[in-house]
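The structure appears right after this line, and notes come after that.
Laboratory data are not the source of any read-out in this text; all were calculated from the coordinates shown. What you see is a predicted model; the values in this text were computed from it and never measured. Heads up, the Cβs are rebuilt from the backbone with ideal geometry, glycines too, and the neighbour counts pull from every protein chain shown.
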Amino acid sequence: MKSKLYSSAHVKTANKLFSKKDISWYNEQWTDSEINECKAIELKMFIDKPSLKTYPKPELIDQNRKPSELQLIANKYLSGYKTFLSIGCGLGETEMWFAKQHPNIVFTAIDNAPYVEGLNNVALDLGLTNITFIHSDLRTANLGKFDVVFSYAVIYCIPDDYLEGYFKQLCLHTSPNGLMLVGCSSNLFFLSKLKALIKPSRPTQLMKQTGWRRDVGHVRRYIPNYIHTEKTYHFNHFFNPSLPRFMCEFSKRYIPITNPSYMFVLRH
Ligand SMILES: C[S@@+](CC[C@H](N)C(=O)[O-])C[C@H]1O[C@@H](n2cnc3c(N)ncnc32)[C@H](O)[C@@H]1O
């Protein structure tokens with residue numbers, strides 16, 4: 001099955017697996033094992049035989065694919081560094097793209113999803129020898145210091161009571177002269193908020209995760225005081241090319257209407 005891949009499992013899979021759960025369960029933070037049970041089913045083909053051929057979203061690693069805005073922004077910061085850690089790498093497409101652009105950087109990418117070490121086969125199939133995927137939980141990870149620590153679209157999976165710990169873990173893994181590139185798709189998408197207000201009990205992919213409706217200001221509060229925010233980018237990660245250009249510009253400048261994302265560039 002090549003459908004749902006992201007941080008928490010698809011509602012359809014959950015409906016099958018956890019049919020006896022009360023409707024309110026959908027809007028609570030799911031446990032790691034609930035999420036990973038769903039992922040194990042959705043990505044079974046890849047988990048059983050991980051390779052470039054079974055990679056669940058081949059379009060993400062298509063060599064002719066135009067890089068995303070996130071990839072282009074983050075990529076500007078990597079030159080001159082030697083080591084890179086990605087925390088919560090998902091399917092690793094961004095990390096593999098970086099690894100291709102920077103053959104002299106040693107990339108490490110961690111995630112606690114059940115398929116993550118299978119991505120090592122994909123990297124090898126792509127001829128990448130400077131990247132390693134490791135199955136590891138970010139809450140307990142202790143992998144040493146890295147020049148660049150990158151973590152994108154992980155914040156919304158982090159329950160409120162661990163946000164501070166999440167940023168501490170990012171800092172712990174960053175060398176004193178290094179930098180952190182941390183971002184997420186933002187909940188500033190006002191149409192989603194409106195929908196959630198109109199139909200608050202409907203289980204949707206947006207509502208089932210605690211972090212989706214946090215705003216950037218809330219997240220910013222958890223960046224430790226001793227960390228300097230060098231720059232904050234706003235961009236359209238899931239840029240919808242069918243939207244007229246003026247709408248994209250309007251979204252960037254005034255009210256986000258195109259699933260806006262943000263990325264903080266942070267230094268010690
Ligand atoms: C929305 S995905 C983002 C993946 C990727 N960074 C991207 O931009 O596509 C969030 C990832 O964080 C991972 N994650 C969530 N909690 C985690 C934890 N405690 N330890 C390690 N990874 C975690 C999930 O498994 C998921 O792959």
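Taking other C-beta atoms within 10 angstrom as a stand-in for reagent exposure, Ser136, Ser185, Ser19 fall in the order Ser19, Ser136, Ser185, fewest first.
Sequentially through the stretch 126-134, phi angles give Karplus couplings (6.51, -1.76, 1.60; θ = phi - 60°) of 8, x, 9, 10, 10, 9, 10, 9, 10 Hz, Gly and Pro residues having no value and appearing as x.
Take the Cα of Lys231, step 7 Å along the line toward its Cβ, and report every residue of the stretch 68-97 whose backbone nitrogen sits under 15 Å from that point. Flagged as within label range: 69-80. A simple spin-label model places the labels of Met247 and Leu143 3.8 nm from each other, with each point 7 Å out along Cα-to-Cβ.
Potential lengthening of the chain between Ser175 and Ser79 amounts to 33.0 nm, from the contour at 0.36 nm per residue minus the alpha-carbon distance. Across the stretch 75-155, the convex hull enclosing all Cα atoms gives 84 Å³ per residue.
For the stretch 1-157, state the semi-axes of the equivalent ellipsoid (square roots of 5 times the eigenvalues of the alpha-carbon gyration tensor), sorted largest first and rounded to whole angstrom. Largest first, the stretch 1-157 gives 28, 18, 14 Å.
Peptides 224-235, 82-93 ranked from most to least packed, by the mean per-residue count of other Cβ atoms within 10 Å: 82-93, 224-235. All other residues whose Cβ lies under 13 angstrom from that of Ile87 are scored, Lys and Arg at +1 and Asp and Glu at -1, for a net of -1. Based on the convex hull around the alpha carbon atoms, the stretch 58-102 presents an average projected area of 3.3 nm².
Over 27 Å between Cα atoms, which of Lys82/Lys231; Lys12/Lys66; Lys49/Lys76 qualify? Kindly include the intermediate steps, with their values, before the conclusion.
Working: Lys82/Lys231 22 Å; Lys12/Lys66 30 Å; Lys49/Lys76 35 Å.
Over 27 Å apart, Cα to Cα: Lys12/Lys66; Lys49/Lys76.
Extension gain Asn15-Thr132, at 0.36 nm per residue separation less the Cα-Cα distance, in nm?
Between Asn15 and Thr132, full extension yields 38.7 nm more.
Annotation note: trypsin sites (Lys or Arg not before Pro) in the stretch 94-195 located in DSSP loop regions with a Cβ neighbour count of at most 14 within 10 Å are Arg139, Lys145. How many angstrom lie between the Cα centre of the stretch 29-68 and the Cα centre of the stretch 94-171? If we compute the Cα centre of each part, the gap is 15 Å.
By the rule of a C-alpha distance below 16 Å, with chain neighbours fewer than 8 residues away ignored, the aspartates and glutamates paired with Lys16 are Glu34, Glu37, Glu42.
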